[in-house]
Structures are given as structure tokens and as C-alpha cells.
Amino acid sequence: MNKPLQKIYFDPYLFFSLFLLSTLGLFFLFSASNADISIVSKQLVYIVVGLTIMIVVSQPDPDIFRRTSGLFLIFSLLLLGITYLIGPEINGAQRWVRVGPFSFQSSELLKLALPIFLANFLFDKKLPIQRKEIIISLLIIFCCFFFVFRQPDLGTALIIACSGLFVLFLSGLSWTFMGGSFILLLISSPFIWNILLQPFQRQRIATFFNPESDPFGASWNIIQSKVAIGSGGLFGKGFGEGSQTQLNFLPETETDFIFSVIGEEFGFLGVLLLLSIYLFILLRCFYLALSARDRFCRLVIGGLSLTFAANLIINLCMVVGLLPVVGMPLPFISKGGSSLMSLFLAFGIIVSMGTHKKFLPQ
Amino acid sequence: MIFEERQVEKNNFSIRATLLFGLTILGLIAVLLQVFSLQISGYTDYQLAALNNKNYAVPVQSLRGEIFDRNGKVLIKNEPTFDLITRPNLIDDIDSFLEKIQPVIFLSENEISKYKKLQKEKAFVNKELVLKKDLSAEEIARFNVRSFNFQNAFIAQRYRRISDYPEIFSHVLGYTSRIENDFKSMPEIPRSHWKDIELMYAHGLIQGQTGLEQIYDDHLSGQHGQRVYEMNARGQFVQPLSFTQPVKGLDLYTNLDIDAQKSAAKFLGNRKGAVVAIDLESGGINVLYSSPTYSINELSNGMSENSFQSLLNDADKPFFNRALQGRYPPASTIKPAIGMYGLSNNIVNWDFEMKDPGFFTLPETGRVFRGWRKGGHGKVNLHKAFLVSSNTYFFSLAYQADIEELSNHLSSLGFGQKVCLDCFEEDPAFVPTPEWKYSVMNAGWVKGDTVNMGIGQGYLVTTPMQLANYAALLATKGLHIEPSLVALANQKKSLKTWNDKGFDNSDWAKMHQALLGVIESDYGTARSIRDLKDFQVAGKSGTAELVSLDSKEAYQEVRSSELLRDHSIIIAFGPMPNPRYAVSVVIENGESGGAVAGPVAIEVLKSLINE
């Protein structure tokens, strides 16, 4: 115990880019919430707590995450189950678990637990991965997907499925298997459309492909979002000057559609800056994944950062009108503690996995 | 794991990770391209869409121009008052509303019943309904401190379209009426926004409906302004953004003369008829009066449905503009025209004399056409025929006429066509031709028809406007100017010259001499009005028969029914020998032309000349 000060595991690139991103997010949120200080200060608290969590989580050796991955998954699923049973219903969906004054979106944890668990399950398997392991992995992925999907929360469910599939893919899933399942998915898509999707989900997809069919109904959001972004032009209308945002033509400005606020008020240049930061973070994660010390760390960094990327791309594509509207926040910018906490937690794990090098003989 | 295998695994991971990260970067690029297409390529469209989302333009009503007479006296003005205005479509219980407001603003029984009636009739189309107009300062103060009790009532300055002579100018000036919107004048404002218009007139959005108000509506109406509000997604006004002042319409300077019009109204009294007077120098119409009449002030500012209906159903047809639309046989006033025809075509000359036994017998059938005086006028030449209005002379002249040529001749004098440049719904009346008779009555034209036309009876009908135009033509010796109500600077005055090789200046001089004699000589049929004035007047009177009768005795029977009595007509111009004004007067069922219509014509000429 008399050792010199222990090494602090810390990735300055990720830390400062995330710090910059979430701080910028505060300004965007200020404008998006029509200058609601209470929302912004709450978000500030989340960011401070989140950054702290990130630093703390990145300290222990990655091995601990490997060894506790099973428990972590079971805990996440239990939390989901509790939500399912007793969670309050908000907008027809049970997604939140309430602990005292805090409420937490239970599915957020699953986004972390599932890829870590699968990485643990697959990291020591021989290449190529055997059919038995594939089937077990897919079953676990499907169970997690299904639980969240039933909440119902299609967006998060898809992200969770992605997070598992990324790990499966990165760990060496055979190409023939992927080709076969893709064809299977195509064949079963009518079934998915008719049986699995809720009517409102079907409508969202339908209006995406034909937004002018119902300009005041379901496609209102997409149209107003495009108008907001498009009217921003090259330089934007200025901070707090976006008419689409400030006069409430744009829906959900604080959460799903905050990117439209940025586009409207800061223009193409603002968008360019924001996307550059995201790109930088992704490239840094890519580097960490490639240079990680072992297969488990590679898989976890890859799985978590790609999940973050999928989350990001889906939100962006939805807001600019390239994908149907699914509820999905813009990472590190949108209002919401659960999303922020789980993101900082994920990046804490990424930093831990990326900065701990090979075991050194003591 | 052995080292080799680990290396294989690592390579495998690198390829797959590169693939996935590459895909996400492609995703980011796709997003960036889409944002580029929205913000840079589509900027103009989306900027417009964003403006259309938030900007809500509301029209602001413009004031109409005012209308003046030829001396610059105002005929129709915009009169401002402070009114108590209500929003009738928002008031649920009208009785309790009135009960609540009674102690604050006194309302007479009449005002209450009128308001209730209008409220019931028009609640769904009115944005505003005036409850009490012309509030006193005290009433305004009393209301203002209690205004919070009356959410759907407010006090504001509103204008009324008012004439100080609401009855006598009604047909010529016309009235305005309410319209729902005026989006043709402001296509940039969506139709649905017109319900939020800022009104200037108590009667709402108005436009000219008849008369000069209608003919010169574009000139008078000006340009509405607009106020642009910023509106949020819930449709609430956030703040005003811009305001474009409405532009008041241009004033209208007419040729009308208040005093002369007043004389026409005064001396026509409550008889039915019309008076038209024309300034010979300018062609300006100084008087255009039709009786009976109605109040344009009431019509322009909201008349109740009942009053409107009773005006519509009035047997005397007050809405009917007799001056422009009344079709009357010209009777003896046509004789100068027939004389001109006879002279031009060498059928008669001023020296030709014939015997007038008091009737004319049509050689073909033996049908007898009677004169107005039993026993006739003895030997008559053209001059005397005008003075004594010899029917026999003109029967005989017309008998020798070719009907086609005679019709053309009458048309060349303005009959059967519109003669006024800017009159509202002028009736061209009618000059008959053989083709017309054949196609309408399925009968051939007979000589008797032409003979009847010689004294202005039969199928030929004219309007008082045409008679005045005809009088102007006679007065100016064919150099009259096309009549018009408005003296617009840019409006070219068009000289209507009438000439004919067979009718020279000496003919004109003799014609004037004869027509002067009709009034000024001892033998003239209209000599009874000779002493009403201190200047000389030329003219021709007429008595239009509504039923064709062979004897005076038969007419006495007909007389008992007023509506079958003869119309009394005169055309006149003066002062002679250099006439400045021409006038026509028609009095329905007035009988003897010179004595009845004559004084009205003289009084109108007097007020025009003695100004």
C-alpha cells in the first residue's frame, strides 16, 4: 500500500472532445428549451456527474468488466423487468424506472451490458465462430431486443440489437451466415410489418416515404425539421433567433430534434463543426479498438463505439429526413440524464479498455 | 491461443472494424450531403417556408376617395365617429349582453331593436357590428373604465360613407356594399386572412355597388395596407413585424352641380320622372336625377333586410334609375330630328307649306292619324310646324321617309345607343327597324309605323339621358361633346360631330329660331314657361301617349287611371342665342309636356346659368 501514486487511466482526446461536445450541447439546449435555465442546469449537473463517472470507470482493469459481464446483463434485464411491471406509463410506453427523485430509462444499461456480455462470451472462441455459439448469441440478442421492443421502444430496441450484432460481426461471424440471414430477413419483412409493428410505428414509416400525404399530421415533424435546417442556410439565423425553434414549429427541440435547432441557428458551418467533433471521437475510438491489448477489449471498444455511432447516425438521418422518425436522442447533446449517464459510462469503459496495456509482471 | 492465430484474429477484426467504421463515416457523409442540399441548395425554398410558417399578414382597409361636385363641394365623404363596436359572432347571449351594457352606454329602444335584428341577420358574416355610433366623450370614458366587463365590445374610430344629400344624388352616385374579402386586390394575402382584416369603415369591407361608386371603384378604392404579425405554432400572435400604410383612394371630381340637382329634385317633387342636364362646353353632366329616390347613407352603412326589401318591392321602383334606364316615347320632342331628316333628304324645305286639317290620312289604308288640336293649325310651314307642334306636318313628312334611312338618322343622333361615357348601367333604349319588327312581332313594317315615328310615338323609345344628349346636339349645332359625369384630367373629351350635306348652317340657324319660338313666341306650345326666367330658352316639349286613342273624349276616360296618363317631356337649351346648357325632363303621367315638364327644365337651367 506504500506504492507511489497510482497511474491515472485517462484519454485526453476523448475526454476533451466529449467535454467540448457536451458543453456545446448546453448552449444548444438553452436555445432549444426557449431559455429554460432549470433544464440547462439539470443537464449541467448530469454532465459533471457523467464526466466523473467516466473517469472513475476508466480506472479499474478491463478484466473486472469481463468477469462481471454476466451479472451486469442479468441486472440490466431485471431492471427492465421491473420497469415492465411497475414503471409509470408515459405516452403509452413504460420505459422509466423511478428511484426517489431520479428516473432512469432502464433500457439504456442494456446497450452496455449486452455487447460486453457477448464480447466475454465470444472473445476466446476459435475462428470461425461455430454455429452453436452463433445461435446462443442470437438468442440472447433477440431476447434483449424483444424486451425493449415490447415497452414499446423500437428505436432503442434496434440499437440494442445492433450493439449485439456488432460484437458478433466483429468477433468473426462467417459471411455466408450473414448473407443467408439477410435473405431470410427480406422474406420475413411482410410478417414483421404486419404483426410485430405497432400501428403508430407503421404510420411513421409510411409517412416517411410520402411526407406530403399528411402535412399537418404525422409528417409534420419531418417537414418542420427540414424547414428549420434548410432555412438556417450557411451561417444560421443566430443563437436564439431560429423562428422554427423559438415559435415552436419544430417539435421535440430539446430531445430528438435538437440537431434541427443547431442547423437552424448555426447553419451549415455549425453542422460541419458538430459533425467534425463526432467524427473525431469515432476515429479515436477506432484507433483505440485497433490498438487495444486483447480480443476482449477490441470487441468491447468496437461494440460500444459502434453502438454510439449507430445511435448518432440514426438520429441524424431521422432529423434530416433520410430515415423514418424513431425516438432517438442525439448523443451528448439531447436533454436527458439516462442517455448521458450511459454514454459517459460507455466511454469510461472504452477508455479503460483502450488505456490499460498488457499485464506487466509485477 | 498461439501467436499466429492471434494475428489472424487481429487482422480479421481490423478488416471488420474498418468496414463498420467506414460505414458510419459514410453515414456521416450522407447526412452532411443532405444538410448541404437543405441548407445551401434548398435555402431559398426553406427560408420562404419558414417565413410562411411564422409570418401572418393581415390586410388593413384603405379609405375610399371622396366625391366632389363641379364647384369642389363634397358630395360623398368619409365621416369619422367613435363607435361602440361588438363582435357579434362571439356573443352568445345577446340579451344579457345588452342588459349589462345598458347602464354604461345608454341605448334607445330603436338602437336595441335595430342591433338585435342586424345581429340575427348578419352574425355569421360580420366581423364587427356597431352597437352605438358617434359616442360622446363622456360615454367613451364611462365605457373605458369598465371595458374589462365587455370582452367582445370595444370603442374605436370608424368611418361612414356619408353624403349630405343622401336622397337627391342616390342614383348617380350609387352606394357601396359589404364584401367578404378583396383578395383580388391583394393576391399576396391568403384568403383565410381576410377574416382578420383591420377595418376602417363601420360597415366593414365595402366596394362600390352602383353609380359612380361602382364605375370608378378602382379609382376610389385605394390600396389596402397590411400588418404582418409573427405567429407561433399554436396560431397566437407573438409580435407585430411590419406595417404598410393603406393608401387612400383618389378623390373623384364630377361635373355634377349641387344647386342644379337640388332644383331638379325640388321642382320634380314627389312625381316620378327624371332630369338630365349637360354642360355644352365640356360635355359634363351637371344634373342626373331620378325620382322617386332612396337614401344612399342608409344603404351604404347597413340597411336592415326589411327596409331593403320594402324598397325593392315599392311599386314606384325607387331603385330604378329613370334617367338612364327609363324608356319613354320621345313624343313631339322628336320633331326637330324628323325635320332635320326632311331637310337633309330634300323632302321638305323651310318654305314648303301644307294645309293642316288636324289629321293625316294614310293613302294606302285610309287610316286616320290625328293631331293634338281639333281642326288643325291651318297652313303650316316647317317653322310653324315646330312652334305649334303640328302632328299632321310630321305625319306627312314621315310618310315620305324611307324607314331604313330614318332609323339610321335617329341612330346618328344618339338614339338606340349608350351616349354617356361613364354612366352606371345606361340603357341604350331602342330605335325600331323593319327587321326588328319582323323578328319580334312576326309582322311586316307598315307605312303607318313610320308615320307614327314622325311624332315620336310607336315603337321608338328613348331615355332622358339620350334626350339630353340630343338637346345638346341641337344646341351645339352638331358639335356636342360626349357626355360624362366625371371630369378626369386624363380622359379625352371626344367631340361628337353630326353633319349632313343637306343640312347647312342656315338650316341650323333656322332650327334654333324655330325651337326658340316654341318657348319664346306667342304661338309656341311651351309659351307658358316664357315668363319664368330672365333669359331666352329654346326647346321642344312633348306629350307621350301611353295608349293610342282616336279622340279626346276617349282620353278623358283613360285619365282616371293615373298610371295611364300621358308622360310629360321637354328638351331645352339656353341661354339663347349662345346656349351653355341643355336639359331634358320627363315626368311620368304628368300630361301636357310644356306646362308640366317645362318649369322643371327652366328651374334647372336657371340654377346652372345664374351661378
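Here are the numbers for the structure shown:
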quantity	calculated
Segments A:321-332, B:187-198 sorted - mean Cβ within 10 Å per residue, highest first	A:321-332, B:187-198
Within the range B:26-130, chymotrypsin sites (Phe, Trp or Tyr not before Pro) in DSSP loop having at most 13 other beta-carbon neighbours inside 10 Å	B:106, B:124
Spin-label model distance (nm) - residue A:272 vs residue B:218, 7 Å beyond Cα toward Cβ	5.2
Violating pairs (Cα-Cα greater than 20 angstrom) within the set B:335/B:477; B:100/B:132; B:379/B:533; B:437/B:540; B:384/B:606	B:379/B:533; B:437/B:540; B:384/B:606
Most to least packed among A:243-256, B:388-401, A:69-82 [average Cβ atoms within 10 Å]	B:388-401, A:243-256, A:69-82
Ordering of B:227-238, B:474-485, A:183-194 by packing [mean C-beta count within 10 Å, highest first]	B:474-485, B:227-238, A:183-194
Three-way shape label, the protein assembly as shown, alpha-carbon gyration tensor, a/c 1.5	prolate
Neighbour-count ranking [beta-carbon atoms within 10 angstrom, fewest first] of B:31, A:57	A:57, B:31
Charge dipole of chain A about the Cα centre (unit charges at C-beta), most positive-ward option of A:248, A:228, A:334	A:334
For the protein assembly as shown, Cys with no neighbouring Cys Cβ under 4.7 Å	A:143, A:144, A:162, A:285, A:297, A:317
Rounded, prolate or oblate (a/c below 1.5 giving rounded, otherwise prolate when a/b exceeds b/c) for the range A:7-51 by Cα gyration tensor	oblate
Number of partner chain Cβ atoms within 10 Å, mean per residue of B:60-73	0
Relative contact order %, chain B, counting alpha carbon pairs below 8 Å whose residues are six or more apart	14
Reachable lysines from residue A:111, criterion Cα separation under 19 angstrom, eight or more residues apart if same chain	A:335
Shielding of A:314-322 by partner chains, average beta-carbon count, 10 Å	4
Positive-pole candidate from B:159, B:176, B:199, dipole of the range B:89-243, charges at beta carbon	B:199
Net charge dipole size for chain B [Lys, Arg +1 and Asp, Glu -1 on Cβ; Debye, nearest 20]	200
Partner chain coverage, peptide A:228-239 - average Cβ within 10 angstrom	5
Helix runs (DSSP H) in chain B reaching 30 Å along axis by Cα, Kyte-Doolittle at least -1.0	B:3-36
Sequence-distant lysines (8 or more away, or on other chains) whose Cα lies within less than 16 Å of residue B:54	A:226, A:237
Helix runs (DSSP H) in chain A reaching 20 Å along axis by Cα, Kyte-Doolittle at least 0.0	A:12-32, A:37-57, A:63-86, A:107-122, A:131-149, A:154-170, A:175-191, A:258-290, A:295-320, A:337-355
The range B:425-487 - charge dipole about Cα centre, Lys and Arg +1 at Cβ, Asp and Glu -1, debye rounded to 20	320
Test item: Cα-centred dipole of the protein assembly as shown, Lys/Arg +1 and Asp/Glu -1 on Cβ, debye	3620
Dipole axis of the protein assembly as shown (+1 Lys, Arg; -1 Asp, Glu on Cβ), positive-most option in B:269, A:114, A:37	A:114
Mean-position separation - Cα centroids, the range A:213-290 and the range B:255-307, in angstrom	69
Three-way shape call for the range A:150-205 based on the alpha-carbon gyration tensor, with the a/c threshold at 1.5	oblate
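Each reported figure results from applying straightforward, stated rules to the coordinates on display, with no laboratory input. Note that this is a predicted model, so its numbers are computed, not measured. Heads up, the Cβs are rebuilt from the backbone with ideal geometry, glycines too, and the neighbour counts pull from every protein chain shown.
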